[in-house]
Amino acid sequence: MADQQITSGAQAAADPRIRAVGVLLSASALLEHQLGAAIQREAGISHPMFEILLILAERPDGAPMSELSGRLVVTSGGATRLVDRMVKAELVRRRPSPDDRRVQLVSMTEQGEEALVRAARAHVREADRQLYAALPPGELTEMIGALDRVGRHARSLLPPLR
């Protein structure tokens, strides 16, 4: 199938690989929209801010900016702008690393923890409604495993972001 050439619009529209990726991206966009809206409504933060706070919850001593940008798959400039907004909102704080003063460590504030908890409650409620209600547990487990493998493979193909 990989050698098959697409020579018309009809072939493109019917290609199962194009349709599969379209279904995946459409479902992802719909979930992102619904989850992001619920998080914004309940906690007053964006979905990317929620993701940063989740990472920081795993790293109570702080995470370097490079880790945040790498895990979010954004440029260092994009991560810096996002963290700048979070510092201004008093959700996180920045400090130089004790091991390397060129490295900035980001850690969660008490306000950040409170926002994370509110956002997580909204996220779980919306995930239950949008995802867990749609599939039986066995299918859901298989889907999550398969998507995790796809995500790890895609990440391995990703060039370094700057």
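Observations
- Hits in segment 1-30 (condition: open to solvent by 80 Å² or more (accessible area, probe 1.4 Å) and of a type in the set (Asp, Glu)): Asp3
- Search result, residues across segment 56-69 that are within 25 Å of Arg152 (Cβ to Cβ) and either surrounded by 15 or more Cβ atoms within 10 Å (Cβ to Cβ) or of a type outside the set (D, E, K, R) (or both): Leu56, Ala57, Arg59, Ala63, Pro64, Met65, Ser66, Glu67, Leu68, Ser69
- Close contacts from segment 119-135, counting a first residue that is closer than 15 Å to Ala37 by Cβ and a second that is assigned to a helix (DSSP H, G or I) and of a type in the set (D, E, K, R), with Cβ to Cβ under 8 Å and a gap of 6+ residues or different chains, come to Ala119/Glu42; Arg121/Glu42; Ala122/Arg41; Ala122/Glu42.
- Segment 113-162: number of residues that are in a helix (DSSP H, G or I) and open to solvent by 70 Å² or more (accessible area, probe 1.4 Å): 23
- One residue from Leu72, Leu53 being under 23 Å from Ala38 (Cβ atoms), within 14 Å of the chain's Cα centre (by Cα) and open to solvent by less than 30 Å² (accessible area, probe 1.4 Å): Leu53
- In segment 89-112 there is at least one residue matching the filter, namely being within 23 Å of Gln34 (Cα to Cα) and assigned to a helix (DSSP H, G or I).
- When Glu42 is tested against (1) surrounded by 16 or more Cβ atoms within 10 Å (Cβ to Cβ); (2) among the acidic types (Asp, Glu); (3) on the phi > 0 side of the Ramachandran plot, exactly one condition is not met: (3).
- So Arg85, is it under 18 Å from Thr109 (Cβ atoms), out of contact with any strand residue (DSSP E or B) (no Cβ under 6 Å at 6 or more places or on another chain), open to solvent by 20 Å² or more (accessible area, probe 1.4 Å) and basic (Lys, Arg): yes
- Just one of the numbered conditions (1) farther than 21 Å from Arg71 by Cα; (2) at pLDDT below 95 is not true of Glu42: (2).
- Wholly within segment 1-87, helices (runs of 4 or more DSSP H) carrying at least 1 residues that are free of Cβ contacts under 8 Å to residues at least 40 places away in the same chain and under 30 Å from Pro98 (Cα atoms): 47-58, 65-72
The values are calculated or read from the model by the stated rules, or taken from the named source; none is laboratory data. In this text, all values refer to a predicted model and were calculated from it rather than measured experimentally. Here Cβ is always computed from backbone atoms with ideal geometry, including for glycine, and neighbour counts include all displayed protein chains. The area values use the complete protein model at the heavy-atom level, side chains included, leaving out ligands, DNA and RNA. Shrake-Rupley method; radii C 1.70, N 1.55, O 1.52, S 1.80 Å.
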